[in-house]
Every structure is written in C-alpha cells, then in structure tokens.
Amino acid sequence: MNIGQKIIHLESVDSTNNYAANLLKSEVVSHGTVILTDNQYNGRGQRDSEWQSESFKSLTLSIILKPAIMTADQQVYINLCTCLSLIDVLSKYKLEALIKWPNDIFVGERKIAGILIENNLKGNFLSSSIVGIGLNVNHAPTQFNCATSMYEQTGGYFILQEVFLATLSAFNSYYDFIENQKFEDLMNYFQEKMLGIGSAMWFEDNFGVFSGVVRGIDNQGRLKIQKDNEIRFYGNKEIKWLPKNIF
Ligand code: BTN
C-alpha cells in the first residue's frame, strides 16, 4: 500500500492539484503522497472549467504518482485506474456508476465525480502525475447545475473519512495492475464499465452530428465508435457526446 502512505490534510486550499504541482516543484515528494482538503475554494476541472465543491460535503483530493518506469503512451492507464477506483467506491455504497469516456463518472444521466489528471513527461517517460479527484458526497440535490451526489442518489449521508479511505484502497488495488503491467485487464474492466458500450449514441465531430455505437477504447485511450461498417477513433477534444434525446 504505497498510495496514501503520506497524507497532507489541509483545512483549506485553492486547488489540491495546484498544491500538488507546487509541492513537486519545491521539494522531493514521495510517490503516493496524497493531498486532501476539507475546503477547496478554486477547484479546477477539465478543459479549463471550474470544479465546484462544498466544504465538508465533497471529497477533493490529489494523488501524486511518480511511476518507476512508465512510457508516455502508457499514461492512459492512470486514467483507467482512477475511473475504475471510483466505480468500485460507489459500488461499495450500492451505487451503480458508469464511466463516460474519457473520465467522467456518471450515475444514470448525471455526473457524480470528475477527474483531472495532469502528467509531467520527461522525454518519452512519465516523471510524475497528479491525479485530482472530486466526488460529490453529501451535497443537496439542487447544487452544482445538473450534477448529482451520493446523498441525492441514496438519501443517506456518508462519512467523508470513510469514503476517502475506500478511495485510497481502491486506487491501490488498481494501481497494482499498472505496477504488474496488467494493462489488458485494466482495459477490459474499463470497457465493461463504459457508458453506452455496445449502444448507439449521438455524437458531434468536425464533420457534424452522427449516431454511432460505442465500441470501447484503443490502447492510446481513444474512443472507438462504429458508424455503419467503419470504426472511427477519437481523441479527447475531437468529439462531443450529445444528449440522448436530441431528435
Ligand atoms: C472535471 O470533471 O472537470 C474534473 C474535476 C476534477 C476536480 C478535482 S477536485 C480535486 C482536484 N483539484 C482540483 O482543482 N481539481 C481536482
């Protein structure tokens, strides 16, 4: 159990990912150091968005990874490992969640957790990675646009410390797959838990709106979508999911 051997618990911070990035610049940080805060007041999300959370109601943390040897094209497995950890944590609390590619965690039609992974490469190797996790635990239903929370889904409140420890434990288990190079297993588990797998969904790419069947991801983490008899591959910014009921 390496991840979480050192935990830095802050009362308040702008962003645990920022704190982790500064730590990496300023001192020798050990692999698996975790930054946890009770109050994140300027959280960052994907694509320069803001991540909202509420003190003592959200789980907001960042895990610093310093993989011994991981090539740039293996970095996708950190994403897989993080998504699967959150799926396991939620299932421990009887919530069936799915991964909306690339790394949003959904219950039904609504987002319950977000992940922001910031990698540092040295040549062709990953020198460090900051895995930021935001999980909506005890929020009231009306908060944060159309996101949902564990409380809203179950009607019960959860002890944040317990959810945090469950997250560390799940992350440790999936990180073992990376350390033991069981990449194919991670890939298979991930694909089983993908939102829309095997179903036709609506998308928009540079050429317009289309319906296609989600077929999983390739080993670079690109989304595979079947359109008629052709499989198309998409990177993160190359495609948008559209709501099911657009037409
Ligand atoms: C997203 O879905 O847009 C990603 C959200 C990631 C939020 C987490 S909360 C802890 C960590 N610190 C941040 O500033 N962001 C991530």
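No lab work stands behind these numbers, since they all come straight from the coordinates. Here the structure is a predicted model, which means the values were calculated and not measured. Cβ sites come from the backbone with ideal geometry, for glycine too, and all protein chains shown count toward neighbours.
Database remark: amide H of residue 193 closer than 5 angstrom to no amide H (H placed geometrically; neighbours at sequence offset of 5 or more, or on other chains; Pro and chain starts carry no H). Length gained on full extension, residue 173 to residue 161, computed as 0.36 nm times the residue gap minus the Cα-Cα distance: 2.5 nm.
Computed from backbone phi, the HN-Hα couplings of the range 156-166 come to x, 9, 10, 7, 4, 4, 5, 5, 4, 5, 5 Hz, rounded to whole numbers (Karplus: 6.51 cos²θ - 1.76 cosθ + 1.60, θ = phi - 60°; Gly and Pro given as x). Given 0.36 nm per residue, what is the gain on full extension from residue 11 to residue 25 after removing their alpha carbon distance, in nm? Extra length available between residue 11 and residue 25 comes to 2.9 nm.
Under 5 Å between amide hydrogens, built in the peptide plane, is the criterion, and for residue 127 it picks out 120, 121, 122 among residues at least 5 positions away or on other chains.
The alpha carbon gyration tensor of the chain gives principal lengths a ≥ b ≥ c with a/c of 1.5 or higher and a/b no greater than b/c, which makes the shape oblate. Picking from 63, 112, 231, which is most flexible by a Gaussian network model of the chain using Cα springs under 10 Å? Its mean-square fluctuation being the largest, the pick is 231. Length gained on full extension, residue 50 to residue 96, computed as 0.36 nm times the residue gap minus the Cα-Cα distance: 14.0 nm.
Under the criterion of Cα pairs below 8 Å and six or more residues apart, the relative contact order for the chain equals 16 percent. Kirkwood analysis of the Cα pair distances in the range 27-138 returns a hydrodynamic radius of 14.8 Å. Work out the charge dipole of the range 37-109 with +1 on the Cβ of Lys and Arg and -1 on the Cβ of Asp and Glu about the Cα centre, then indicate which of 79, 46, 98 is farthest towards its positive end. Final value for the positive-end residue is 79. Here's how it looks for residue 132: its modeled amide H is under 5 Å from those of 63, 116, 117, 118, which are all 5 or more places away or on a different chain.
Translational D (Stokes-Einstein, µm²/s) of the range 191-239 at 20 °C and 1.002 mPa s when Rh comes from the Kirkwood sum over C-alpha pairs? Value of D from the Cα-based Kirkwood radius: 197 µm²/s. Computed from the Cβ-Cβ distance with R0 of 25 Å, the FRET efficiency linking residue 231 to residue 124 stands at 0.35. Any of 92/193; 94/224; 100/224; 182/244; 66/122 with alpha carbons more than 23 Å apart? Name them for me. Pairs exceeding the cut-off: 94/224; 182/244. Rounded to the nearest whole Hz, the Karplus-based 3J(HN,Hα) values (6.51 cos²θ - 1.76 cosθ + 1.60, θ = phi - 60°) of the range 31-44 follow the sequence 3, x, 5, 10, 10, 10, 9, 7, 8, 9, 9, 9, x, 10, with x at glycine and proline. Between 135, 24, 98, the residue with the greatest mean-square fluctuation in the GNM of the chain (Cα pairs under 10 Å linked by springs) is 24.
Within the straight-line cut-off of under 18 Å between alpha carbons, the aspartates and glutamates reachable from residue 227 are 204, 205, 218, 238, sequence neighbours fewer than 8 places apart in one chain being disregarded. 3J(HN,Hα) along the range 172-188: 4, 4, 6, 5, 4, 4, 5, 4, 8, 6, 8, 5, 5, 4, 4, 4, 5 Hz, from the Karplus curve 6.51 cos²θ - 1.76 cosθ + 1.60 with θ = phi - 60°, whole Hz, x for Gly and Pro.
Between the range 13-66 and the range 189-247, the alpha-carbon centres lie 30 Å apart.
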